[in-house]
1. Determine how large the accessible area of His299 is when every protein chain is in place; take a 1.4 Å probe and give Å² rounded to the nearest 10.
2. Hull surface divided by four, with the convex hull built on the Cα atoms of the chain: how many nm²?
3. Pull up the DSSP beta bridges for the chain and report the antiparallel fraction as a percent, rounded to 5.
4. Roughly what would the spin-label model give for His72 and Leu87, points 7 Å off Cα along C-beta, in nm?
5. Run the quick spin-label model on Thr80 and Trp213: label points 7 Å from Cα toward the beta carbon, then report their separation in nm to one decimal.
6. Translational diffusion coefficient of region 104-323 at 10 °C, 1.306 mPa s, Stokes-Einstein with Kirkwood Rh over Cα pairs, in µm²/s as a whole number.
7. Amide H of Gly162 versus every other amide H placed in the peptide plane: which residues, excluding those fewer than 5 positions away on the same chain, fall under 5 Å?
8. Among the lysines, which have Cα under 18 Å from the Cα of Lys264 when same-chain residues fewer than 8 positions away are ignored?
Amino acid sequence: MSSLQHVNPTVKGIRESAHSGLQSLAAHVTQEIAQGVQKPFKEVIDISSGDPHKAGMKPISFVRQVLAVCLHPELLGNKTLPLDVRLRAQRLLEVCDGGSVGSYTDSSGMPHVRQSIAEFIMRRDVGVHSHAKDVFISAGSQRGLMVILKLLASGEGDTQTGVLTPRPCPHTLSTLLDDAGVALVPYQLMEDRGWAVDLSELHRALKCHVQDWKSIEEVIRFAAAERLLLLIDEVYQDSVYGQGKEFISFKRVLFEMGKEYSGKVQMVSLHSLSSACMGECGLRAGYMELVNMDPEVTHFVDTMLCTDISSPVTGQLALDLMVNPPRPGDPSYDTYTQEILHIQATLSQNAQRAHEFLNDLPGMSSQPAKGGIYLYPRLHLPSEIIENAKKLEVEAGVLYCQMLLKEEGVFLGAGCQNGETTGNHYLRLCILVPADTLEEVLARLASFHLRLMDTCP
């Protein structure tokens, strides 16, 4: 293993994402600042990915209080904590083996938490049945997705399993698909229609983004006709804020389309603690619900999760709190509701503010956000920048991010990954940050962008 030739060829074939290169650059710039190198900024501001707490958003008090008691059960007698906090912690400790969060759990997750998730899904989808046996807990939704992909990966070359993947997409997805041994088959979302799915583009790719009911039905019909498995990332279901918009799950739409579809379309829906309102990315827990999957296949999902022994217990308990929060009349209800509303208001206001600001910059355009925590503004770059990017063999959006990071200390993500050459150049910025942080980012971004456009007409 001391030689590169001994490294697993599959691992060597995993493409390094553009994001990891930008992360290394951000770490280098931060180190220079610590060493006293003079910069026109005091710190690097990172809004490249969805990590709300790192960006300065505050955690939900109820979640942290319950977890604190579970970690230190002596707090059960501390009457300065709300009664519902202590009662919930006591109940959760009762379902932990040995009454301790330090114990292992079933590889597919604690039965109590899986049941809580199934009940949450039924409430969310207005009575559509959900069963705990179809819910699997993993160390984050990406781990759940990896299990499904590895389960289905087969073939090589033209016969290799392919995954239809929207563009733009999460920056971690390309690397994950490489690791799973499946082929990325990209399709472009319609930017001018609010990132909607274009059915003809799906058909072309075969040879989110907030979707309305009609758009979801079209995707389901497409999946049924082509006998495809739907992988649905619904982690931002708590952050739909466009006027007249609401979260609609694919499962709910599927089961209202009649037995022609509800009994045969296979679907895996994923959700996690990295949701907008929870933002507990570091606790590493998510779940997936399998719909219409063959029980013999489902057995192997459990088998593959056994390799993890179990998901982090504190994360599993936090999932229970996410899907079963305080109710009206509970001592923690008012504080919990105020904190959730504050997060949602910050997100909605930031989305509007950033959208308007970015559209006022020359050479940049942004679609209004209707949900989620990201904006993907499009860059209309001078030809000089595009030519320089070609010479350096990097995507032009990545070069833009590198220059912005070096000159202004702002770390944004590039909308295209792993050497894509679609001809369109996008940025990715997380808008779930404190309002003053967003203002600082926009000010630095404008300073850099206007300077760039003036020097490269």
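1. We get 100 Å² for His299.
2. Details: hull surface 99.9 nm².
So the Cα hull casts an average projection of 25.0 nm².
3. Working: 20 of 32 bridges.
Antiparallel bridges: around 60 percent, rounded to the nearest 5.
4. So the label points at His72 and Leu87 sit 2.4 nm apart.
5. Between Thr80 and Trp213, the label points sit 5.1 nm apart.
6. Numbers: Rh = 17.9 Å.
Estimated diffusion coefficient is 89 µm²/s.
7. Excluding prolines and chain starts, which carry no amide H, the hits are Ala183.
8. Straight-line reach from Lys264, under 18 Å: Lys251.
The values are calculated or read from the model by the stated rules, or taken from the named source; none is laboratory data. All figures in this text were calculated on a predicted structure; none of them were measured in a lab. So basically every Cβ, Gly included, is an ideal-geometry build from the backbone, and we count neighbours across all protein chains shown. Keep in mind that these areas ignore ligands, DNA and RNA; they rest on the heavy atoms of the full protein, side chains included. Shrake-Rupley method; radii C 1.70, N 1.55, O 1.52, S 1.80 Å.
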